[in-house]
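**Q** Next up is a structure, given as structure tokens.
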Amino acid sequence: MDLHSVETYLRPQTFSAVSGWQPDWNWLAGGTWLFNEAQPQVKTLVDMQQLDWSEIEVTSAGLSIGATCIQNDLLAFSFPEDWKATEALKGAVKELASFKLSHTATVGGNICLALSASTFAPTMVALQARYEIWRPNGDPYFVEAINFQTAPKQTILQAGEVLRRVQISPDNLLQWRTCFKRMAVGTAGLAIAIVVTAYHPPTQRVRFGIGGSVKAPRLIEFSAIPTEKQLAEAFSEASLAAPLKELFLDDDRGSKTYRQHITQVLMKRGIAELSAGTDGKRRY
Ligand SMILES: Cc1cc2nc3c(=O)[nH]c(=O)nc-3n(C[C@H](O)[C@H](O)[C@H](O)COP(=O)(O)OP(=O)(O)OC[C@H]3O[C@@H](n4cnc5c(N)ncnc54)[C@H](O)[C@@H]3O)c2cc1C
């Protein structure tokens with residue numbers, strides 16, 4: 001849609017060319033959300049396309065994904081064969097919405113938009129990613145994925161700050177098995193629950209990145225494959241940092257009780273799928 005309030009369009013070739021950030025300026029990445037609804041508060045769009053931040057790099061420091069990487073590029077990329085965890089990244093792309101969207105939308109755009117239904121946010125939490133953020137003067141700082149989003153459409157980014165890249169260390173989870181599970185009420189609707197499961201067969205450790213059902217992504221982890229009782233206990237108020245009643249979303253797409261239930265179902269399915277055949281036991 002036309003954004004009638006926009007008066008200026010900037011297309012910087014370097015980050016340092018962006019100066020004098022104003023409250024009514026907005027970064028433009030893929031534009032799939034920005035151009036999808038009215039943005040009356042936006043007067044200047046700062047297009048990130050020319051910044052050349054779309055790299056996918058495999059180095060001794062692990063995996064680095066530039067903020068403007070088009071999501072679909074992750075599907076075509078040849079990751080090291082033993083980096084099984086990249087399946088979760090591919091799940092985040094495939095489950096986003098449509099072929100058309102994933103060919104335009106960026107990884108950084110999805111993370112910074114910070115919808116509760118973000119597919120990348122719980123994935124990055126499960127994979128223990130960290131984000132490199134640039135201040136307007138170019139000074140970088142790092143934040144763990146779990147600490148980035150604070151509420152729906154709310155992140156720790158300050159005015160003019162930008163997500164530059166996502167980094168996942170090779171020591172952490174890239175070799176873990178992963179799977180992506182998402183549930184929506186209608187086929188084209190936003191997710192009411194997302195669970196990204198990461199499982200390490202040698203130690204049986206399990207991490208669940210939870211999204212969709214909660215206001216900001218959460219991590220629930222176990223030092224061994226959890227029993228059904230342990231899974232249920234993980235949702236007790238004592239186990240989760242915020243009181244349960246404040247944590248789960250409650251709207252016309254799903255009540256908090258329903259969202260919690262579906263989240264647990266997806267957790268069971270995720271770990272049952274990943275652990276099948278690894279320890280000779282059948283679960284749930
Ligand atoms: C039909 C449809 C279905 C959708 N379904 C979903 C869904 O299921 N889940 C979901 O999460 N989203 C969904 N979206 C919303 C959106 O399209 C996606 O989240 C997409 O990934 C956004 O990426 P983008 O690059 O297009 O972001 P843009 O639209 O360009 O930007 C989104 C926001 O992030 C900011 N931003 C972008 N990049 C950066 C950066 N590097 N640093 C700082 N700020 C930045 C922008 O300023 C803007 O405020 C849907 C949209 C449509 C049209």
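Values quoted throughout were computed directly from the atomic coordinates according to the rules given, and no laboratory measurement underlies them. Please read these numbers as outputs of a predicted model, since none were measured by experiment. Cβ atoms come from the backbone with ideal geometry, glycine included; neighbour counts cover every protein chain shown.
**Q** Any chance you could check the Cα centroid distance between the range 200-221 and the range 256-277 for me, in angstrom?
**A** Measuring centre to centre over Cα atoms gives 11 Å.
**Q** Still on this structure, please answer the following. Among Met183, Met124, Met48, Met267, what is the fewest-to-most ranking by other Cβ atoms within 10 Å? Walk me through the numbers on the way to the answer.
**A** On the way: Met183 19, Met124 31, Met48 26, Met267 23.
Taking fewest neighbouring Cβ atoms as first place, the list is Met183, Met267, Met48, Met124.
**Q** Can you work out D for the range 44-155 in µm² s⁻¹ from Stokes-Einstein, where Rh is the Kirkwood radius over C-alpha pairs, the temperature is 10 °C and the viscosity is 1.306 mPa s?
**A** 108
**Q** Expressed in nm², what is the orientationally averaged projection area of the convex hull enclosing the Cα positions of the range 128-197?
**A** 6.3
**Q** Taking the simple approach of a point 7 Å from Cα along Cα-to-Cβ for both Thr187 and Ala17, what is their distance in nm?
**A** 4.4
**Q** Where the eigenvalues come from the Cα gyration tensor of the chain, what are the semi-axes √(5λ) of the equivalent ellipsoid, largest first, in whole Å?
**A** 33, 22, 16
**Q** For the range 9-90, what D do you get in µm² per second when you plug the Kirkwood radius from alpha-carbon pairs into Stokes-Einstein at 25 °C and 0.890 mPa s?
**A** In µm²/s, the coefficient rounds to 165.
**Q** Working from Cα positions, state the angle (0 to 90°, nearest 10) between the long axis of helix 256-275 and the longest principal axis of the chain.
**A** 70
**Q** Indicate, rounded to the nearest 5 percent, the antiparallel portion of the DSSP beta bridges found entirely in the chain.
**A** That works out to approximately 85 percent antiparallel.
**Q** Now for a different question. Using the crude model of +1 on Lys and Arg Cβ and -1 on Asp and Glu Cβ, and no other charge, please compute the dipole size for the chain relative to its Cα centre, in debye to 20.
**A** Value, rounded to 20: 940 debye.
**Q** Here's another thing I want to ask about it. Quick one: grab the alpha carbon gyration tensor of the range 161-236, order the square roots of its eigenvalues as a ≥ b ≥ c, and give me rounded if a/c is under 1.5, else prolate or oblate depending on whether a/b is larger than b/c. Write out the running numbers ahead of the final one.
**A** Values: a/c = 1.82, a/b = 1.08, b/c = 1.68.
Cα axes put the range 161-236 in the oblate bin.
**Q** Dimensions of the range 125-268 along principal axes (Cα, Å, largest first)?
**A** Reported extents, whole Å, longest axis first: 49, 42, 33.
**Q** Using +1 at the C-beta of Lys and Arg and -1 at the C-beta of Asp and Glu, which of Ile156, Val143, Met183 has the Cα lying farthest in the positive direction of the dipole of the range 136-192?
**A** It is Met183.
**Q** Spelling out what I want: for every residue of the range 80-89, take phi, set θ = phi - 60°, compute 6.51 cos²θ - 1.76 cosθ + 1.60 (Karplus), and round to whole Hz; glycine and proline get x.
**A** Coupling constants for the range 80-89: x, 4, 7, 8, 4, 5, 5, 4, 5, 5 Hz.
**Q** Another question, then. If we count other beta carbons within 10 Å of each Cβ, what is the order of Thr106, Thr155, fewest first?
**A** Listed from fewest to most nearby Cβ atoms, that is Thr155, Thr106.
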